[in-house]
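J.: This structure is in structure tokens; I'll ask about it shortly.
The values are calculated or read from the model by the stated rules, or taken from the named source; none is laboratory data. Every value quoted in this text rests on a predicted model; they were computed, and no experiment measured them. Reconstructed Cβ throughout: ideal geometry from the backbone, glycine too, with neighbour counts over all protein chains shown. Surface areas here come from the heavy atoms of the whole protein model, side chains and all, with no ligands, DNA or RNA. Shrake-Rupley method; radii C 1.70, N 1.55, O 1.52, S 1.80 Å.
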Amino acid sequence: MANSTDLKAKEEAHWAKTSRLMYTHLAVWFFFGFIIHMFVKPLNNIIIPILGFPLGFYMAAQGSLIVFVVMLFMFAKQQDKIDREFGFAEED
Amino acid sequence: MATQGTASTSDFIKNLGKMYGTYTGGFIGFILFLAVLEQVGVPNKILGYLFVFFTLAVYAIIGVMTRTAEVSEYYVAGRRVPAFYNGMATGADWMSAASFVGMAGTLFLLGYDGLAWVLGWTGGFVLVSILIGPYLRKFGAYTVPDFLSFRYGGNFARALGVIVLVACSFTYVTAQIYGTGLIASRFLGMQFELAVFAGLVGILLCAMLGGMRAVTWTQIAQYIVLIIAYLTPIVILSTTQYGIPIPQLTYGQAIVDITAREQQMLATGLTTAAALKPHIQPFINYSPLNFFGIIMCMMVGTASLPHILMRYFTTPSVREARQSVAWSLLFIFLLYFSAPAYAAFSKLEVYTNIIGRDLTAIRPWLFSWGELGLIQICGKNAGSIDAIVAACKAIAGHPGVVRLQDFVINTDVIVLSTPEIAGLPYVISGLVAAGGLAAALSTADGLLLAIANALSHDVYYKMIDPNAPTMRRLTVARALLVVVAVIAAATAATKPGDILAMVGWAFSLAMAGNFPALVMGVWWKRTTATGAVCGIIAGFGLCLFYLVTTRYFPGAGVKYFGMTSLTNPLTGAPLVDIAKAMALPNAMESFPTLAHPMANKVGWFDLNNINCGLLGTPLGFAVIYIVSKLGKEPSAEMQAYVDDIRKPRGRTVLEERTT
């Protein structure tokens, strides 16, 4: 019985941490998917040195995309770390 | 027998790098060989044929070699595709003819506003990985309706899942086969209707014999072809124009030049403020609502498309499913962050070497597209110099040079013609065609498989004959695949038109139908079966209603549902005069012809019907929440299952009988 309440507590802690990670990544996703592009007009007044891109255009054409790719590799790593911490990860 | 099978499989997986490395080298060698053939004077037409037939033959050989008659191999490739390779296969599965052929052209025409598609079609993978994909992998389903049926108790939820799946996948696959036909007819000189069915044979060879297993290994081969084909022309362009072989870095300069040239054209009367759409100015083609709506619908739609989610059922573990989403996005990103470079280089070329030039000094590459009706100057197909000089003379006060408003180019031409614009050898054009074909074929394969699997596994096996022996299930799957493919090809042959709009609808339908039920099923244990079923019906229903009404019955929409005219994002003027249109004697029937078929001209909240998911999805979430709250909590057993799918370790929830 103690064992099963232990497992229950562990499951809940694991899920709380997983949810927190989900909200963090969703917030970053929302910021780079939407919020930043709402400011495209002022951002376009900033020109990236050497490359020549207006910043607002650049963020939609490349910047946000790079963030998404990096985010996903980070997420895979972080979620795996959480799973390992609670012993829920698959065996290697 | 079993051990032997495992040993040879692990050998196979171990040798993947060597195999695909050799394959890539072989493909590059083949391109060089054709380049030599071109130099010794082999005609262009022959080169085109060699490209198309050689690549098709390779896909077919891979398909035949990896054919299978085992259930789990057929449906989920035995769940042992490594993350990296599954990422490549998903990349090919994902990038369709619309991405390969249409994306850069859309960016050329729309400028900044076109980036909504680029953002939408990449950011969605974040949602796939975080909210849905790995959980469905842990669950151990063969298809998306499988999950809905188990989580929401029974065949009604499964049937709804199948309806949503077929609705969005069929819309999507028709667009792909249409694209295949377009490319095949242009480069092989075949009749369009015939080309559609020729492309179909290629599709069927891979998908029919070996299901998911054959499609996976073929899609990886197709990804390699399509990415080489996409990057080669712009790397060459970037090197010759700016001295650095990284177009993604150098096209900033092209954008600066475009902006300067726009000002210059205005100053010299080559264009008017009304005709010019500055490349970097936002929200002149889409209102901010529709711009962000497209981003949202394409993103959430990505996370709801069954043929994409299905790809993550094939990895060996949940962890690899997550890694695989990251690899997928990286491979997709390679193409999507290059598309704006394509658009910028082509636009600069057009603005400097066509606009403002004397009519008699037009470059000859243009006429081969003009003859096909894809480039028009002064409102006439630009088939020859004489034709355009005559056409422009007919315009009063025409200065005799090409002005911006005189020049109209079809969006599909941009990618396919860039090698010619840049004066590159024909072998590059053939390469681009082969890449476009690979993109269309791989997506069509994935979609047809998703439809056929749902029909054979969910409808036939789970709902009609649960005792069907393995062989019969797979035979049914194959037969259905052929039937669906032929129907899709027949639909495509009628040229239903406008690939981008059709693809957009598919995303919105998938989003409204699947997303709330899938996300709530994993993230909210309290979700009940009744809640989910009501949510799917309400969300999908509203989306479908908006789509069909605004597209086909705008008159009824205005009369009975309070729809109003959409407005021009730049001027705020209504797109149609509603009072005038409704006063016509046959307002109900003639209204559709008044509206351009691509999108809607009437609607609610100024909302384009591509974004109908924006209406359906929130409704779906709300209905699921309210109805679930009203009902009894799901059983302790079901809640335990949900706990199970949240943990990567342990057995899958659904254990399939495979013999």
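J.: Please list, ordered by chain and number, the residues whose modelled amide H lies under 5 Å from the amide H of B:Phe407; skip anything fewer than 5 residues away on the same chain.
T.: Amide H neighbours of B:Phe407, under 5 Å, 5+ apart: B:Cys378.
J.: Sticking with this one: Name the residues of segment B:610-657, by number, that are at least 20 Å² less accessible with every protein chain in place than in the isolated chain; the surface is that of heavy atoms, probe 1.4 Å, without ligands or nucleic acids.
T.: Correct list: B:Asp643, B:Arg646, B:Lys647, B:Pro648, B:Arg649.
J.: Can you list residues whose amide H is under 5 Å from A:Ile48's amide H, if they're 5+ apart or on another chain and H is modeled 1.01 Å from N?
T.: Hits under the 5 Å cutoff: A:Phe53, A:Leu55.
J.: Turning to a different aspect of this structure: Going down the list B:Lys393/B:Lys495; A:Lys17/B:Lys629; A:Lys8/B:Lys632; A:Lys77/B:Lys629, which pairs span over 27 Å between their C-alpha atoms?
T.: B:Lys393/B:Lys495; A:Lys77/B:Lys629
J.: Another question, then. When all alpha-carbon pairs of segment B:1-97 are counted, what percent fall beyond 19 Å?
T.: Above the 19 Å cut-off, segment B:1-97 has 58 percent of its Cα pairs.
J.: For B:Ile578, what accessible area in Å² do you get when you roll a 1.4 Å probe over the heavy atoms of the protein chains, rounding to the nearest 10?
T.: Counting only protein heavy atoms, B:Ile578 exposes about 40 Å² to solvent.
J.: Out of residues 5 or more away from B:Leu566 or on other chains, whose amide H comes under 5 Å of its own, with H placed 1.01 Å from N in the peptide plane?
T.: B:Leu575, B:Val576, B:Val602, B:Gly603
J.: A further question on this structure: When N is the residue count of the protein assembly as shown, what does its C-alpha Rg come to as a fraction of 2.2 N^0.38 Å?
T.: With N residues counted in the protein assembly as shown, Rg over 2.2 N^0.38 Å equals 0.96.
J.: Cut-off under 25 Å on the C-alpha distance; same-chain residues fewer than 8 positions from B:Lys559 excluded. Which lysines are left, in chain and number order?
T.: B:Lys580, B:Lys601
J.: At what distance in nm do the modelled label points of B:Ala35 and B:Leu654 sit from each other, each positioned 7 Å from its Cα along Cα→Cβ?
T.: 4.8 nm
J.: Residue by residue, what Karplus-based ³J(HN,Hα) values in Hz, rounded to whole numbers, does segment A:5-14 have, using 6.51, -1.76 and 1.60 with θ = phi - 60° and x for Gly and Pro?
T.: With coefficients 6.51, -1.76 and 1.60, one gets 5, 4, 4, 4, 5, 5, 4, 5, 5, 4 Hz.
J.: Rounded to two decimal places and with Rh computed the Kirkwood way over Cα pairs, what is Rg over Rh for segment B:68-199?
T.: We get a ratio of 1.03 for segment B:68-199.
J.: Would you rank A:Met74, B:Met582 by solvent-accessible area, highest first, keeping every protein chain in place and using a 1.4 Å probe?
T.: A:Met74, B:Met582
J.: Can you check how the C-alpha radius of gyration of segment B:226-330 compares to 2.2 N^0.38 Å, as a plain ratio?
T.: Against the compact-globule rule of thumb, the ratio is 1.58.
J.: Using a Cα-Cα cut-off of under 24 Å, which lysines could be cross-linked to A:Lys41, ignoring same-chain neighbours fewer than 8 residues away?
T.: B:Lys277, B:Lys347
J.: While we're here: For B:Val325, what accessible surface area do you get with a 1.4 Å probe? Give it in Å², rounded to 10.
T.: Answer for B:Val325: close to 0 Å² accessible.
J.: Still on this model: Placing +1 on the Cβ of each Lys and Arg and -1 on the Cβ of each Asp and Glu in chain A, which of A:Ser4, A:Phe88, A:Val70 has its Cα farthest towards the positive end of the resulting dipole?
T.: Result: A:Val70, furthest along the dipole toward the positive end.
J.: On average, how many beta carbons from a partner chain sit within 10 Å of the beta carbon of a residue in B:124-130?
T.: 6
J.: Another question, if that's okay. Name the aspartates and glutamates eligible as straight-distance cross-link partners of A:Lys81: C-alpha to C-alpha under 12 Å, and not fewer than 8 places from it in the same chain.
T.: Answer for A:Lys81, where 12 Å is the Cα cut-off: A:Glu90, listed by chain and number.
J.: Summing both sides, how much accessible area is buried between B and A? Use a 1.4 Å probe and give Å² to the nearest 100.
T.: The contact between A and B buries close to 4500 Å².
J.: For the peptides B:618-624, A:22-28, B:178-184, what is the packing order when you average, over each peptide's residues, the other Cβ atoms within 10 Å and list the highest mean first?
T.: B:178-184, B:618-624, A:22-28
J.: Another one. Quick one: in chain A, what % of C-alpha pairs are over 21 Å apart?
T.: Cα-Cα pairs of chain A separated by over 21 Å account for 51 percent.
J.: What does the accessible area of B:His279 come to, in Å² to the nearest 10, when a probe of 1.4 Å is used?
T.: Around 0 Å² of this residue is reachable by solvent.
J.: Of B:Ile395, B:Ile220, which has the most accessible area with a 1.4 Å probe, and how do the rest follow in descending order?
T.: The ordering from most to least exposed comes out as B:Ile395, B:Ile220.
J.: In whole Hz and in residue order, list the ³J(HN,Hα) couplings for segment B:538-543 that follow from phi through the Karplus curve 6.51 cos²θ - 1.76 cosθ + 1.60, θ = phi - 60°; x for Gly and Pro.
T.: Couplings: 5, x, 5, x, 5, 4 Hz.
J.: Can you work out D for segment B:198-241 in µm² s⁻¹ from Stokes-Einstein, where Rh is the Kirkwood radius over C-alpha pairs, the temperature is 25 °C and the viscosity is 0.890 mPa s?
T.: My calculation gives 201 µm²/s for D.
J.: Please report, to one decimal in angstroms, the Kirkwood hydrodynamic radius of chain B built from all distinct Cα-Cα pairs.
T.: Every distinct Cα pair counted, the radius reaches 26.0 Å.
J.: Report the far tail of the P(r) of segment B:47-107, meaning the percent of Cα-Cα pairs longer than 17 Å.
T.: Looking at segment B:47-107, the distances longer than 17 Å represent 63 percent of pairs.
J.: At 1.4 Å probe size, put A:Lys8, B:Lys462 in order of accessible surface, largest to smallest.
T.: Reading off the accessible areas and sorting them downward yields A:Lys8, B:Lys462.
J.: In whole Hz, with x marking every Gly and Pro, tabulate ³J(HN,Hα) for segment B:59-66 from phi via Karplus 6.51 cos²θ - 1.76 cosθ + 1.60, θ = phi - 60°.
T.: In residue order, the calculated couplings are 4, 5, 4, 4, x, 5, 5, 9 Hz.
J.: Tilt of helix B:499-523 relative to the longest C-alpha principal axis of chain B, in degrees (0 to 90, nearest 10)?
T.: Its long axis makes an angle of about 30 degrees.
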